[in-house]
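What follows is one structure encoded as structure tokens, with my remarks underneath.
The values are calculated or read from the model by the stated rules, or taken from the named source; none is laboratory data. What you see is a predicted model, and the numbers here were worked out from it, not measured in a lab. Neighbour counts run over all protein chains shown; Cβ positions are idealised from the backbone, glycine included.
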Amino acid sequence: MRATQFEFRFRLVIGFLLYVLGFWAPWARYLGGSGRVSTTWLELSGAIASAHWLSLGTTTILVTVIALLCAIIGTIFRVWGTAYLGTAIVHDTSMHGTGVVAAGPYRYARNPLYMGTFLFSIAISVLMPPSGAIFFLVAQAVFYYRLILGEEAYLAAQQGEAYLAYKQKVPRLWRGLRARVPASPARPQWITSLLAESYYISFTACFATLAWRYDSYLLIKCIIICFGASLVIRAILPQTSKHD
């Protein structure tokens, strides 16, 4: 069930392909008849409003606010986790297992980066067709779970008892506000983390600013621009880390 080294190495490419399939949703676009598809944003708002719980205007605002909160919280997890783990390790195509990082968010959960990415993906999914959004979120959940299992096996093999003791104390995913282990010595790299996670930061800013126009096509253009700019920024960031 765990991911292979190939999947870990090309996780960015695989993630990109999941984005493409989620937005494209060829099964709905070409097999559904009309060739035109709506967005989860509109369909979900309409479905809630049709139940006569709230007006369409109110439900649209509610869905937008929930999506924005997911983007914000997901971005916080990404920036926080990257600051303590190090940008070079986060973006490397190889796994690292030289030591246990038990600082920052890693005192509360073992996988804050994957949690942040998935929460952020919930915000992205509202811009997709409904079937594309379902596929995107399910496929991401399965893919990230496989990556987590692969990393756990690798870290256990590399670090032995040190990682197993950490694994026993700290849950795989976030379960509360109580830190599970004492903080290990670590100085967060906030500047490089903010630069490395520029895609999440910039799109969240775009969503917070432009979502109230309810223009999904405009926000999709923002995704493309933010993602492209983040690749350029990542390419010029230092490729070494204090954890190497």
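Taking the condition of being in contact with a helix residue (DSSP H, G or I) (Cβ under 6 Å, 6 or more places away or on another chain) and crowded, with 21+ Cβ neighbours inside 10 Å, how many residues in region 120-146 meet it?
Residues meeting the conditions: 12.
For the structure I just gave you, tell me whether SER198 is within 30 Å of TRP41 (Cα to Cα) and surrounded by 13 or more Cβ atoms within 10 Å (Cβ to Cβ).
Criteria met by SER198.
Can you tell me which residue among ALA183, ALA196, ALA229 is among the hydrophobic types (A, V, I, L, M, F, W, C) and more than 28 Å from VAL65 (Cβ to Cβ)?
Going through ALA183, ALA196, ALA229 in turn, the sole match is ALA183.
Among the listed residues LEU56, LEU18, LEU69, LEU85, which satisfies the condition of being farther than 19 Å from SER198 by Cα and either buried (at least 17 other Cβ atoms within 10 Å of the Cβ) or within 17 Å of the chain's Cα centre (by Cα) (or both)?
Within the list LEU56, LEU18, LEU69, LEU85, the selection yields LEU18.
Mind checking which residues of region 1-54 are without any contact (Cβ under 8 Å) to a residue 40 or more places away in the chain and part of a loop (DSSP other than H, G, I, E, B)?
TYR30, LEU31, GLY32, GLY33, SER34, GLY35, ARG36, ALA51, HIS52, TRP53, LEU54
So TRP174 passes all but one of these: (1) modelled with pLDDT under 95; (2) more than 17 Å from the chain's Cα centre (by Cα); (3) surrounded by 14 or more Cβ atoms within 10 Å (Cβ to Cβ). Which condition number does it fail?
(2)
So which residues in region 147-169 are among the aliphatic types (A, V, I, L, M), out of contact with any helix residue (DSSP H, G or I) (no Cβ under 7 Å at 6 or more places or on another chain) and over 21 Å from GLU7 (Cβ atoms), if there are any at all?
ALA162, ALA165, listed by residue number.
Given VAL37, VAL63, VAL79, which one is surrounded by 15 or more Cβ atoms within 10 Å (Cβ to Cβ) and more than 21 Å from the chain's Cα centre (by Cα)?
Unique residue meeting the criteria: VAL37.
Looking only at region 207-224, how many residues end up being surrounded by 14 or more Cβ atoms within 10 Å (Cβ to Cβ) and not aromatic (Phe, Trp, Tyr)?
7
Which of the residues spanning region 41-53 are small (Gly, Ala, Ser) and buried (at least 16 other Cβ atoms within 10 Å of the Cβ)?
Residues satisfying the conditions are SER45, ALA49.
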